[in-house]
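What follows is a set of notes on a single structure, which appears directly below.
The values are calculated or read from the model by the stated rules, or taken from the named source; none is laboratory data. What you are looking at is a predicted structure, and each value in this text was computed from that prediction instead of being measured. As a convention, Cβ positions derive from the backbone with ideal geometry for all residues, glycine included, and neighbour counts pool all protein chains shown. Remember, those area values only see protein heavy atoms, side chains included, never the ligands or the DNA or RNA. Shrake-Rupley method; radii C 1.70, N 1.55, O 1.52, S 1.80 Å.
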Amino acid sequence: MAQTAERENAVIRGLRRSPAVHLAEDFTRGSVSGVQGVTLREVPFLTMIGVRAAHGSAVWDRLGAVVGGLPERYGQVTGYTAAGGAGDSAGGAPGTAQGVSVLWLGPEEFLVIAPDAPDALDGGTFDGGAADGGAADGGAGGVSLLSGLLAALAGDPGQVVDLSSNRTTFELAGPSARAVLEKSCALDLHPREFTVGTAVNTQIGLIPAVLWRVDDDAFRIFPRASFADFLGRWLLDGMREFAAVEVH
Amino acid sequence: MLLFSCPNCGPRDETEFHYGGQAHVPYPKDADALTDKEWSEFLFYRDNTRGDFAERWVHSTGCRQWFNMLRDTVSYDIKAVYPMGDSRPDQPPADAAQTQQKGQQS
Ligand SMILES: [Zn+2]
């Protein structure tokens with residue numbers, strides 16, 4: 001049984017199409033290198049789990065124990081990094097793009113984001129995406145991240161839902177990444193205000209999206225799947241001017 | 001573009017919010033006892049105030065939480081932002097029963 005499920009899982013994973021896969025070449029062509037460079041890519045199929053829990057409740061504590069704590073304030077990202085996590089452009093500190101992160105969406109609503117690991121949602125021992133079977137240290141020993149959270153919920157008031165297909169992930173990076181975003185996002189994105197490790201729900205180019213600064217000049221943007229095409233083209237448009245040779 | 005100060009997220013563009021109509025319209029204590037006229041007035045009839053107006057707003061593309069706002073319908077001045085269940089800040093506090101409902105989305 002388990003083997004059949006595993007095989008089916010592998011087949012399904014091979015058939016997946018990410019919401020912006022048709023723009024991959026455009027993203028590569030539109031990316032700019034150099035001192036005013038900016039790059040755009042889709043990071044497909046990240047594991048996303050919606051979590052709701054009343055602040056200070058027993059459920060809050062139990063869910064927090066699975067994912068490294070639930071965020072308590074606007075903009076905060078909590079989480080943990082798997083031991084031996086594979087190298088990622090965004091680094092490996094807790095609460096960054098590697099490992100398991102929990103984004104504050106509202107006072108009692110959170111988004112758990114984890115790598116696209118076959119065992120994040122079902123079966124096996126989830127290890128936070130660590131390469132070559134790194135040690136599991138997520139407090140969810142022996143079960144997937146999703147079932148670990150569901151077990152922690154234990155039917156009490158609250159919510160744990162697999163939302164992985166709801167959004168895709170864009171990574172906008174480079175010295176001009178902030179300048180591109182500032183064209184269509186009204187937030188103050190200056191690093192003194194919007195610090196590394198901050199994530200918020202807002203509007204970018206007239207569509208709702210979660211925006212997360214994972215590094216000084218690297219952002220992850222999470223649009224709903226149906227907005228991915230629009231936002232991808234919109235950001236490419238904003239990147240075009242940086243491909244031109246600067247006139248001195 | 002107006003800036004609304006969301007109690008959770010701070011100042012945001014008005015386009016991130018949705019309007020929820022007049023605030024402090026209590027649900028009838030015994031809805032079954034109302035006549036059709038009274039029921040329709042509860043459902044559909046609202047004040048059309050010139051000046052300070054208490055209304056409900058939700059931060060749709062942010063924290064998705066509701067709050068109350070006191071807004072001047074002539075100048076669009078935002079006089080106050082206050083939690084659901086609190087009484088109008090420009091009027092004497094309501095009775096204890098209403099204070100107990102603080103935190104509910106009424
Ligand atoms: Zn808000």
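In this calculation the C-beta distance from A:ASP229 to A:LEU15 is compared with R0 = 25 Å, giving a FRET efficiency of 0.80. In this structure B:SER75 has an accessible area near 60 Å², from a 1.4 Å probe over the protein heavy atoms. Just check segment A:1-72 against the gyration tensor rule for me: Cα atoms, a ≥ b ≥ c as the square roots of the eigenvalues, rounded for a/c under 1.5, and otherwise prolate or oblate depending on whether a/b exceeds b/c. It is oblate, given that a/c is not under 1.5 and a/b is not larger than b/c. Cross-link reach is defined here as a Cα-Cα straight distance under 19 Å, omitting same-chain residues fewer than 8 places apart; for B:LYS37 the aspartates and glutamates meeting it are B:ASP47. Comparing each chain alone with all protein chains together (probe 1.4 Å, DNA, RNA and ligands left out), the residues of segment B:40-70 losing at least 10 Å² of accessible area are B:THR61, B:GLY62, B:CYS63, B:ARG64, B:GLN65. Amide H contacts for B:ARG64 (H built 1.01 Å from N in the peptide plane; partners 5 or more residues away or on another chain; cut-off under 5 Å): B:HIS59.
The string of couplings for segment A:154-162 from the Karplus curve (6.51, -1.76, 1.60, θ = phi - 60°) is 6, x, 6, x, x, 8, 9, 9, 6 Hz, one whole number per residue in order, with x for Gly and Pro. Straight Cα distances below 13 angstrom link B:LYS29 to the aspartates and glutamates B:GLU38, with same-chain residues fewer than 8 positions distant left out. At a probe radius of 1.4 Å, figure out the B/A buried accessible area, summed over both chains, and give it in Å² to the nearest 100. Rounded to the nearest hundred, the buried surface is 1000 Å².
Segment A:180-210 and segment A:1-70 have Cα centres separated by 20 Å. The HN-Hα couplings worked out from phi for segment A:189-200 by the Karplus form 6.51 cos²θ - 1.76 cosθ + 1.60 (θ = phi - 60°) are 9, 4, x, 6, 9, 9, 6, 4, x, 9, 9, 9 Hz, whole numbers, x standing for Gly and Pro. As a ratio to 2.2 N^0.38 Å, the alpha-carbon radius of gyration computed for segment A:148-248 takes the value 1.30.
By the rule of a C-alpha distance below 13 Å, with chain neighbours fewer than 8 residues away ignored, the aspartates and glutamates paired with A:LYS183 are A:ASP237, A:GLU241. Protein heavy-atom accessible surface, 1.4 Å probe, per residue over segment B:1-99: 61 Å².
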